[in-house]
Amino acid sequence: MKLTIDSMTYGPDGFARTDDGKAVFVSGGVTGDTVEADIVSTGASFDRAVVREVVEPSPDRVQPPCPFVGICGGCPWGSLAQAAQHAAKEENLRSTLKRIGRFDDDAIAAIVRPIRYAKDAWGYRNKIELAPVLDGGKFRLGMHGTDPDTIVRVDACPLFEKKYPKAVKSVVGALSYLGNSRDLELERVGIRASRRTKALEVALWTPTGGFPRAQVARVLTDAVKPTSVVRVMSKGDRRARRVAGVEALAGEGSWTEQIAGELMRLSAPSFFQVNTAAAEILIELVLDALKPAEDEVGIDLYSGAGTFTLPLARRMDFVYAVEAYGPAVRDLRRNLESANITNVDAIGGDAVREFPDDDADVLVVDPPRAGLDEQAIGLIAGTSARDVAYVSCDPATLARDLRRFTDEGTFRVVSATPVDLFPQTFHCETVAHLTRA
């Protein structure tokens, strides 16, 4: 079937229509391509297809530095020019606000701001993860392919921190050597690197139980020269694994990063934005929206290890920070202590159950992909807060929640600014500013 790609979806695929108007999601195509594609599945309202040949390449098609674009799942938009990626991400936000948030065109035009982004389109990730697989009886590490059940063997990743170009190959080589001499029971391997602090950590995720600690530490230290090697022990059902403990095998036992003038220390299980420079844009937008004053009180829901908590506390009288994930709470408290910040109450627990009793002047919320619980929206609306900054990693749940806030009537949406934290992918963060209606 010959198709012309009209746009990019919120996903890895391009979007086209057949001659009779049926929607087709096309893997391997970018906006403006004319392609020959094979239909791989047919549904009542849309089909899925895979590009067999690019008949006429788009003016926005580029040659990526990674040979695994379209094979590895890490950079599905790698063949699309950066300006076109930005335009697609802005349009995805607009269309989602209209389709799910039910905002009209005039409201969307007033709300959506131009996309913000950092300098590096490649070599920006401070973290990557590798997956283990037995291939012909031999242990190896790789990255999940576009088919998540496929592991693609790689020696480098152009998305990973460009100051450490040999780190991936060194880790893969060291652990392949060890894994072929004994069963390490590795579930995954994380590598974190910072160009600012020069910290390089290798984290090995395994079940609880025996482990050749000394041998693994020695081989990785010789091969990679990391500042930290840790083992993260997990247990429970495979689909709901939980962290049972973290062991320092070598070095500092944690990873450090400098962001917005703050030095943050993070344990391997703790979440941290993978694009440090672009995450600083998030902080800038949050502070611009909230304009915190030194006599005010703030609430930081889903605070993590303190990305927004620390800069807010520097500018406010008091901040309540609520986080449910145990390792992140411990990191938050350690980061506050190291920064000598004493005007924060770091609360461990669910955002709804542990919502602070005291009132607040401003709030920042950075929920997981599922967005805000309806109860959380009610609790936020019940405060006398003048402004809310909502940091979202999913445009669909953001649009749903902005509609809930609008219908509730306490807050109105001032702006929604997309921020490209994930170049070469369809993912995009958004900072929405709400003010009291």
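A few points about this structure:
- If you go through the stretch 400-425 and keep only what is farther than 11 Å from Leu372 by Cα and touching a Gly at 6+ places or on another chain (Cβ under 6 Å), you end up with Arg403, Gln424.
- Residue within the stretch 204-221 that is of a type in the set (A, V, I, L, M), under 15 Å from Gly142 (Cα atoms), in contact with a Phe, Trp or Tyr (Cβ under 9 Å, 6 or more places away or on another chain) and at pLDDT 95 or above present: yes
- The residue that is nearest to the chain's Cα centre (by Cα), counting only those in the stretch 369-382 that are part of a loop (DSSP other than H, G, I, E, B) and surrounded by 14 or more Cβ atoms within 10 Å (Cβ to Cβ), is Gly371.
- For Leu263, the test of being under 22 Å from Leu372 (Cα atoms) and either outside any loop (DSSP other than H, G, I, E, B) or of a type in the set (Ser, Thr, Tyr) (or both) is failed.
- Qualifying positions in the stretch 160-196 - closer than 16 Å to Arg125 by Cβ, part of a loop (DSSP other than H, G, I, E, B) and touching a strand residue (DSSP E or B) at 6+ places or on another chain (Cβ under 6 Å): Glu161, Tyr164, Ser194, Arg196
- Residue identified as in contact with a Lys or Arg (Cβ under 8 Å, 6 or more places away or on another chain), farther than 18 Å from Asp420 by Cα and touching a residue at least 60 places away in the same chain (Cβ under 8 Å) among Glu247, Glu262, Glu257: Glu257
- One residue from Val230, Val243 being at pLDDT below 95 and surrounded by 17 or more Cβ atoms within 10 Å (Cβ to Cβ): Val243
- Checking Gly253 against (1) part of a loop (DSSP other than H, G, I, E, B); (2) out of contact with any helix residue (DSSP H, G or I) (no Cβ under 8 Å at 6 or more places or on another chain); (3) not assigned by TED's automatic domain parsing to the domain that holds Ile191; (4) not β-branched (Val, Ile, Thr), the condition it does not meet: (3)
- Restricting the stretch 36-52 to residues that are free of Cβ contacts under 8 Å to residues at least 12 places away in the same chain and over 21 Å from Ile71 (Cα atoms), the residue that is surrounded by the fewest Cβ atoms within 10 Å (Cβ to Cβ): Ala44
- Test: residue in the stretch 131-140 that is out of contact with any Lys or Arg (no Cβ under 8 Å at 6 or more places or on another chain), within 21 Å of Trp77 (Cα to Cα) and at pLDDT below 90: no
- The stretch 53-70 - residue that is surrounded by fewer than 16 Cβ atoms within 10 Å (Cβ to Cβ) and under 24 Å from the mean Cα position of the chain (by Cα) and, of those, nearest to Val35 (Cα to Cα): Pro67
- Matching residues in the stretch 371-409 - criterion: being closer than 23 Å to Phe271 by Cβ and in contact with an Asp or Glu (Cβ under 8 Å, 6 or more places away or on another chain): Gly371, Leu372, Ile377, Tyr390, Val391, Ser392, Cys393
- Restricting attention to the stretch 383-430, the residues that are surrounded by fewer than 24 Cβ atoms within 10 Å (Cβ to Cβ), part of a loop (DSSP other than H, G, I, E, B) and either at positive phi or of a type in the set (Val, Ile, Thr) (or both) add up to 4.
- Test result for Lys119, at pLDDT 95 or above and closer than 17 Å to Thr276 by Cα: yes
- Note on the stretch 206-227: residues that are in contact with a strand residue (DSSP E or B) (Cβ under 9 Å, 6 or more places away or on another chain), surrounded by fewer than 20 Cβ atoms within 10 Å (Cβ to Cβ) and more than 15 Å from Leu186 (Cβ to Cβ) amount to 4.
- Exclusive hit being in contact with a Pro (Cβ under 6 Å, 6 or more places away or on another chain), part of a helix (DSSP H, G or I) and either surrounded by 19 or more Cβ atoms within 10 Å (Cβ to Cβ) or not acidic (Asp, Glu) (or both), set Leu97, Leu93: Leu93
- Any chance Pro59 is within 28 Å of Ala131 (Cβ to Cβ) and in a loop (DSSP other than H, G, I, E, B): no
- Top-ranked residue of the stretch 322-368 - restricted to ones that are part of a strand (DSSP E or B) and among the β-branched types (Val, Ile, Thr), ranked as farthest from Val230 (Cα to Cα): Val362
- Qualifying residues in the stretch 104-146 (those that are in a loop (DSSP other than H, G, I, E, B) and charged (D, E, K, R)) - the one surrounded by the fewest Cβ atoms within 10 Å (Cβ to Cβ): Lys119
- Listed conditions (1) over 17 Å from Ala324 (Cβ atoms); (2) touching a strand residue (DSSP E or B) at 6+ places or on another chain (Cβ under 8 Å); (3) surrounded by fewer than 22 Cβ atoms within 10 Å (Cβ to Cβ) are all met by Glu354, apart from (1).
- Filtered residues of the stretch 288-321 (kept if farther than 27 Å from Pro269 by Cα and part of a helix (DSSP H, G or I)): Asp288, Ala289, Leu290, Arg315
The values are calculated or read from the model by the stated rules, or taken from the named source; none is laboratory data. Computed from a predicted structure; not experimentally measured. Note that we place each Cβ from the backbone using ideal geometry, even for glycine, and neighbour counts take in every protein chain shown.
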